[in-house]
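*Asks:* Just dropping this structure here.
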Amino acid sequence: MRRTTAAALVAALAAGLGLVAPAGAAAPTTELQPQRLDRGPDQAVAHVEDFDFVAGDLKVDLVGRVVRVIGASGDGWIVGTDRRRVVRIGPDGSTLTLLRKVDVTLTTLSEDGSRLVTLDHSARRRTAVQTFSALDGSAGPERTFDGYPEVVTADARQVLVRHDGRLVRWRTGPDRVRLVTRRLSALASIEHDLLETYTKDPYLGGCVRMVRLSDLTQTVWRSCSDRVVALSPDGTRMLTFGILVDGLGPGEIDLREVGGKRLATWTTNWFGGWQWETPDAVLLQVNGQRRSSVVRCMLDACENATDPEPVQVP
């Protein structure tokens, strides 16, 4: 299989495919059908292949099947397995079990990759939000919330928790909780000072507001038709699709600047997933009319990053 670094890929695509649009040019719309696309390099980001962990030329077969890449941490990666374990994988393929008997789908890696945050629902109607080192699994601060809180994001000093219809900030050092907002909220980034909120329930006519986390009165972007589903690693771009889209996945995804300017639109039968390979390149799980694959796009320059396979509707 062909592989390349993300940096080399970006440089090659940018040079060879003319990715800088002329000033004032309309944002392109590209229909993605894997059988019509050229095969490019394999995806550069860490991912799961046949329940094994793969990152570039590194492939690790763990005891138990890898079900989720939780994220990158320093020069390694954090993954969750079907045996309810959270494992750290080193750049040489070495492994270290950090956590056992946890719900890996409810395990969050902090934005700086330094700590893990988990939820323990063992107490009746109360949930412990627990923190651990992402380096060696050692336990850190813990706090109990009523009901079933949701961890939105975290960094080395704080955890944003959606709890009882509110978004709160738990500062783990002084063990202090403060209200952020009572509005409906979604995606957030502490590093990039961004928070996605809703004016009210979108099924009742609510709109999306992207605001500054440090100043919720400062609106960065507003839309009554689309919602934000991912921010680029450098915080300058975002992926959006229909505010009420549900079910299998959207048939259309927009790439925008954080301020809202549309840069590109991609369409297909339905998208099963999306993530950033670099701040400029997006990986899309494309399910076309006949074939599915992971497709790499930089504006309207798109190519297959995996071999196309027959579409299988879940």
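*Asks:* Which pairs do you get when a residue that is more than 20 Å from Arg100 (Cβ to Cβ) and of a type outside the set (Asp, Glu), found in segment 132-145, comes within reach of a residue that is at pLDDT below 95 and surrounded by fewer than 15 Cβ atoms within 10 Å (Cβ to Cβ), reach meaning Cβ atoms under 6 angstrom, with the pair 6+ apart or on two chains?
*Replies:* That search, which allows pairs on different chains as well, returns Thr144/Arg126.
*Asks:* Would you point out which residue out of Ala55, Ala44 is out of contact with any Ser or Thr (no Cβ under 8 Å at 6 or more places or on another chain), crowded, with 19+ Cβ neighbours inside 10 Å and farther than 19 Å from Asp136 by Cα?
*Replies:* None of the other options fit; the residue is Ala55.
*Asks:* Determine which single condition Asp164 fails, assuming it passes every other condition in (1) modelled with pLDDT under 95; (2) at negative phi.
*Replies:* The one condition Asp164 does not meet is (2).
*Asks:* Of the residues Leu283, Leu244, Leu255, which single one is out of contact with any strand residue (DSSP E or B) (no Cβ under 8 Å at 6 or more places or on another chain), modelled with pLDDT of 95 or more and not aromatic (Phe, Trp, Tyr)?
*Replies:* Step by step, each of Leu283, Leu244, Leu255 is checked, and only Leu244 is out of contact with any strand residue (DSSP E or B) (no Cβ under 8 Å at 6 or more places or on another chain), modelled with pLDDT of 95 or more and not aromatic (Phe, Trp, Tyr).
*Asks:* While we're here: Within segment 220-314, considering only strands (runs of 3 or more DSSP E) that don't extend past its boundaries, which have at least 3 residues that are over 20 Å from Asp193 (Cα atoms) and in contact (Cβ under 8 Å) with a residue 60 or more places away in the chain?
*Replies:* Qualifying strands (runs of 3 or more DSSP E): 262-267, 282-287, 291-298, 301-304.
*Asks:* Restricting attention to segment 20-75, report how many residues are closer than 28 Å to Leu106 by Cβ, more than 21 Å from the chain's Cα centre (by Cα) and of a type in the set (A, V, I, L, M, F, W, C).
*Replies:* So the count comes out to 4.
*Asks:* Same structure, new question: Restricting to segment 249-263, and then to whatever is touching a Gly at 6+ places or on another chain (Cβ under 8 Å) and within 13 Å of Asp226 (Cβ to Cβ), can you tell me which residue is most open to solvent (accessible area, probe 1.4 Å)?
*Replies:* The residue in question is Glu252.
*Asks:* In addition: Can you name the residue in segment 168-193 that is over 24 Å from Thr240 (Cβ atoms), assigned to a strand (DSSP E or B) and not basic (Lys, Arg) and, of all such residues, is most open to solvent (accessible area, probe 1.4 Å)?
*Replies:* Leu179
*Asks:* Which of the residues spanning segment 53-75 are free of Cβ contacts under 8 Å to residues at least 40 places away in the same chain and more than 23 Å from Thr306 (Cα to Cα)?
*Replies:* Val63, Gly64, Asp75 - these are the residues of segment 53-75 that are free of Cβ contacts under 8 Å to residues at least 40 places away in the same chain and more than 23 Å from Thr306 (Cα to Cα).
*Asks:* Of all the residues that make up segment 112-167, how many are open to solvent by 40 Å² or more (accessible area, probe 1.4 Å) and part of a loop (DSSP other than H, G, I, E, B)?
*Replies:* 15
*Asks:* Would you check which residues across segment 194-218 are among the aromatic types (Phe, Trp, Tyr) and assigned to a helix (DSSP H, G or I) and list them?
*Replies:* Tyr203
The values are calculated or read from the model by the stated rules, or taken from the named source; none is laboratory data. Just so we're clear, the structure is a prediction, and the values are computed from it rather than from any experiment. All Cβ positions, even for glycine, are placed from backbone atoms using ideal geometry, and neighbour counts span all protein chains on display. We work out accessible area using only protein heavy atoms, side chains counted, and drop any ligands, DNA or RNA first. Shrake-Rupley method; radii C 1.70, N 1.55, O 1.52, S 1.80 Å.
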